[in-house]
Amino acid sequence: MRDVARNPVALDLLQVQRSRLADRLRPPWWYLTGSAVAWAVGFTGQFSLRYLPRVDYWATAVATTAVWFLLQWGLTRATGIKVGPRPLRVLRDGLFYYRPGRPAAIAMFVACLAIGEAQFFLLRHGLLAAAIAAAVLGVAVEVALQQAWLREVRQALRDGEGAA
Amino acid sequence: MTAKAKPDPFIHPITRLSICGLLAAGADWVEFAALRDAAEISDSVLSKQSVVLEDAGYVQVRKGSVGRRPRTWFRLTAQGRQALEGHLAWLGQLEEAVSASSRDVTQGTANPVNGRTAPHTVPSPD
């Protein structure tokens, strides 16, 4: 992928126009709130595994994924710009094909695994309060990373670096 | 992939160049209103120019609706991306030629031939 418009003749006007396009991709309040709720539901998975064995873990994973895709769909409708994972390519190549905003997307994935493992460890040792604190911290970290992802996407749109 | 530098009559008008340049920025699909606002053109101009680009096979158009409101989405095709790359490469060559000749004029060494080919004229799309 490369910027087809990185060219001194056309870039002046295109940069201004691309900046206008990128500025539309600012997340509305409901997007961030919804993301926080989705991550909070996701991080309850470890608690339900420990204390509510009848609740399937996959149910929380499916609920989180569904809310996340719903939010992405809403953001696309609200901003008029569709960016993000292309399902077939993500299935084929994994997260490493996730463009633009790949570093933040990978960081989100790694942070999710790390916080899940930390919760599992803390709950195994009976440290419920610490596990709750880890979940709260996890939600904050994931929402911040999601913001960073959108910032990277906006920057890519400005620079044309997300050109497929 | 390096595109061959050549002028493209479909992309050359500034509104179509803006539309293609915006669609090449990295978004998968861009909605009509977003494209119109970013390019600062009117609805009718965007409609007209997008039809030209769609007929040329440079832009893919998807029409849908939210409730009763129609929504139109655009994206650049592979053919359009290649044409845009070629056109921008040609514009780059043109800019180089112009700045080199203005340098020559400033230095008082203007030479109409100077070993360079003159910039091409853009053929009409018709």
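For B:LYS6, a cut-off of 14 angstrom between C-alpha atoms picks up these aspartates and glutamates, skipping any fewer than 8 places away in its own chain: B:GLU85, B:GLU95. Judged by the ratio a/c of the largest to the smallest principal axis of the C-alpha gyration tensor, the stretch B:1-44 counts as oblate, that ratio being 1.5 or greater while a/b is no larger than b/c.
A Förster distance of 25 Å, applied to the separation of the beta-carbon atoms of A:VAL55 and A:ILE132, puts the FRET efficiency at 0.90. Per-residue extension of 0.36 nm, minus the Cα-Cα distance of A:ARG151 and A:LEU70, leaves a gain of 27.2 nm for this segment.
Would you mind getting me the FRET efficiency between A:PHE120 and A:TRP29? Use the beta-carbon distance for r and R0 = 35 Å, nearest 0.05.
Using R0 = 35 Å, I get an efficiency of 0.60.
Provide the net charge surrounding A:LEU123, with neighbours chosen by a C-beta distance below 13 Å and charges set as Lys +1, Arg +1, Asp -1, Glu -1. Neighbourhood net charge equals +1. Near B:LEU76: Cβ cut-off under 12 Å, other residues only, Lys/Arg at +1 and Asp/Glu at -1. The net charge is 0. Ordered by the count of other Cβ atoms within 10 Å of each Cβ, fewest first, A:VAL141, A:VAL153, A:VAL62 give A:VAL62, A:VAL141, A:VAL153.
Annotation for the stretch B:78-100 versus the stretch A:31-59: alpha-carbon center distance of 52 Å.
Provide B:SER44, A:SER48 in ascending order of the number of other Cβ atoms located within 10 Å of each residue's Cβ, fewest first. Can you show the working numbers first?
Working: B:SER44 8, A:SER48 15.
So the ranking, lowest neighbour count to highest, is B:SER44, A:SER48.
Loop-located GluC sites (Glu not before Pro) in the stretch B:22-102 (DSSP state not H, G, I, E or B) with no more than 14 neighbouring Cβ atoms inside 10 Å: B:GLU40.
Mean partner shielding of peptide A:20-30, defined as the number of other chain Cβ atoms within 10 Å of each residue Cβ, is 3. Alpha-carbon geometry of the stretch A:26-73: the Rg and the Dmax are 12.0, 40 Å, given in that order.
Mind checking the full-extension length gain between B:THR106 and B:VAL66? Use 0.36 nm per residue of separation minus the Cα-Cα distance, one decimal, nm.
So the chain would gain 8.5 nm between B:THR106 and B:VAL66.
Relative to the current alpha-carbon distance between B:ALA97 and B:ALA33, full extension at 0.36 nm per residue lengthens the span by 19.3 nm. Each Lys or Arg adds one and each Asp or Glu subtracts one; over the other residues with Cβ under 13 Å from the Cβ of A:PHE43, this totals -1. Compactness ratio of the stretch A:96-139: Cα Rg over 2.2 N^0.38 Å, N = residue count? Rounded to two decimals, the normalised Rg is 1.41.
Out of the stretch B:22-91, which trypsin sites (Lys or Arg not before Pro) are coil in DSSP terms and have no more than 15 other C-beta atoms within 10 Å?
B:ARG68
None of the figures in this text is laboratory data; all of them are computed from the coordinates on show. As the structure is a prediction and not an experimental result, all values here were calculated from the model. Note that we place each Cβ from the backbone using ideal geometry, even for glycine, and neighbour counts take in every protein chain shown.
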